1. So, in the range 1-18, exactly how many residues are under 16 Å from VAL58 (Cα atoms) and β-branched (Val, Ile, Thr)?
2. For the list (1) within 17 Å of the chain's Cα centre (by Cα); (2) more than 30 Å from GLN45 (Cα to Cα), I need the number of the one condition that GLY237 fails.
3. Need the failing condition index for LEU46 against (1) modelled with pLDDT of 90 or more; (2) closer than 24 Å to VAL16 by Cβ, just the number.
4. Just one of ILE113, ILE140, ILE51, ILE120 is assigned to a strand (DSSP E or B), closer than 30 Å to ASP192 by Cα and aliphatic (A, V, I, L, M); which is it?
5. In the range 173-191, which residues are touching a Phe, Trp or Tyr at 6+ places or on another chain (Cβ under 8 Å) and open to solvent by 90 Å² or more (accessible area, probe 1.4 Å)?
6. Which count do you get for residues in the range 240-274 that are among the hydroxyl-bearing types (Ser, Thr, Tyr), under 14 Å from the mean Cα position of the chain (by Cα) and surrounded by 14 or more Cβ atoms within 10 Å (Cβ to Cβ)?
7. On the basis of being open to solvent by 50 Å² or more (accessible area, probe 1.4 Å) and touching a strand residue (DSSP E or B) at 6+ places or on another chain (Cβ under 9 Å), does ILE113 make the cut?
Amino acid sequence: MVELSQYLMDGYNKGVRPVKNWRKPITVCIKISIYAILGVDEINQLLKSYIWYNQSWVDEFLQWDPTKFDNLTRISIPTQSIWLPDIMIEEAVSSKDSPDVPYVYVNYHGRVINNIPIHITTACKLDVYYFPFDVANCSITFSSWLHTAQDINISFARMPHESHNIINTHVTEGEWDLLEVVRNYKESTETDEIFGEITYNIILKRKPLFYVVNVIFPSAILMIMDTIGFFIPPESGERISFKITLLLGYSVFLVIASETLPAVGAPLIGIYFFLCMLLLMLSLAESIFIVRICHKKSLFPQVPGWLKKMVLEKMAQALFIKDKISASCSIKRTSGKTEEINVDNLSTYCNKRTYDCNVLEQETRRYTDPIEAMNSIVKEIETRLKHLNKPVEENNEWLCVSYVLDTLFFRLYLTLLIAYALIMLTLWSI
């Protein structure tokens, strides 16, 4: 082996291309195997990966006859002693952090095989618009830094049907799924010089389950709760406090969720959160308006005719609730329990309600006969009791107006929410 090494290195010049005819290009075959995706940096637009990189070419000055050297067909030679192609990775933004491989294998045909494990960081243009359902397309391009295609011709080491072997079976992916690697060869022209280059497009897809469970699903639950809040009667006064609590809770949720979102570009999920917050605010504004309508009766006992015709007739008919509204608004309701008053508790009633009981005394003085006076008093008391025991009726037309408007706003809100959800699902499914 020592004799073979001395034979090969005798007169070898590693500073020139190892071809006997200088017009003949050297074909450098390249193949890679992706072993690990170490991380994707959305802010700095970087891809960190670990790949196994293989180069092979024919060195015409490293050929021998095996029969003259004990049938040796392969030998290892230090990389510093032979010519190496200047193949570079165009997207590399940092020095290669990989172990040095000091030797290459050479067979008796002069075929040099150089295997290099590379831990490299490359620039990658990431589109996070569809986060967390986004797909990244990062490229790794190999080309000669100095030599043109007439000097170094770059080629694939594998046939097209063997391209699936690029992905290692034990690949480590982390947050991303490695879908496929697409390879392509093209030639570029610079200052009338043609350069060949090989590009490997690495297709990555983010694993969305973590973000769906911790970001999208809680937001959807809060929006569903806001929709359920429309079933709280507006006159109860609890709807506004319920929706304010939801709005505050959603604000706190956004502060927590913002730490998991990419801080570059304008992802679709940011628009999703903004519109959800806007819908919550519109829901709160609608509830305040409806509660205000319910309390209109304290200022305006009667509903204006134009409003009654527009809301209780036309709008109710359009919403298919006219029969229910007509039945409800035709019933007068009492403003509370009326106090039953009779002759036995008349004195108590007079004292409690500050009733002017001197009227009874005046009635007794009109008659000299005690029996006649007593009969007159009894008739007067019966007349007044009929008036006092009459239930106090209240007009509930304002409540009917608020019910119709609340039904209209609820259906509009529900339609808007469903349409918004379908649009978001369609965009994310793409």
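1. So the count comes out to 1.
2. (1)
3. (2)
4. ILE140
5. Scanning the range 173-191 gives GLU187, THR189.
6. Looking only at that region, the number is 1.
7. yes
Residues checked against (1) in a loop (DSSP other than H, G, I, E, B); (2) at pLDDT 75 or above; (3) open to solvent by less than 80 Å² (accessible area, probe 1.4 Å):
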residue	(1), (2), (3)
ILE288	no, yes, no
ILE293	no, yes, yes
LYS297	no, no, yes
MET310	no, yes, no
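The values are calculated or read from the model by the stated rules, or taken from the named source; none is laboratory data. What you are looking at is a predicted structure, and each value in this text was computed from that prediction instead of being measured. Note that we place each Cβ from the backbone using ideal geometry, even for glycine, and neighbour counts take in every protein chain shown. Protein only, heavy atoms only, side chains kept; ligands, DNA and RNA dropped before computing areas. Shrake-Rupley method; radii C 1.70, N 1.55, O 1.52, S 1.80 Å.
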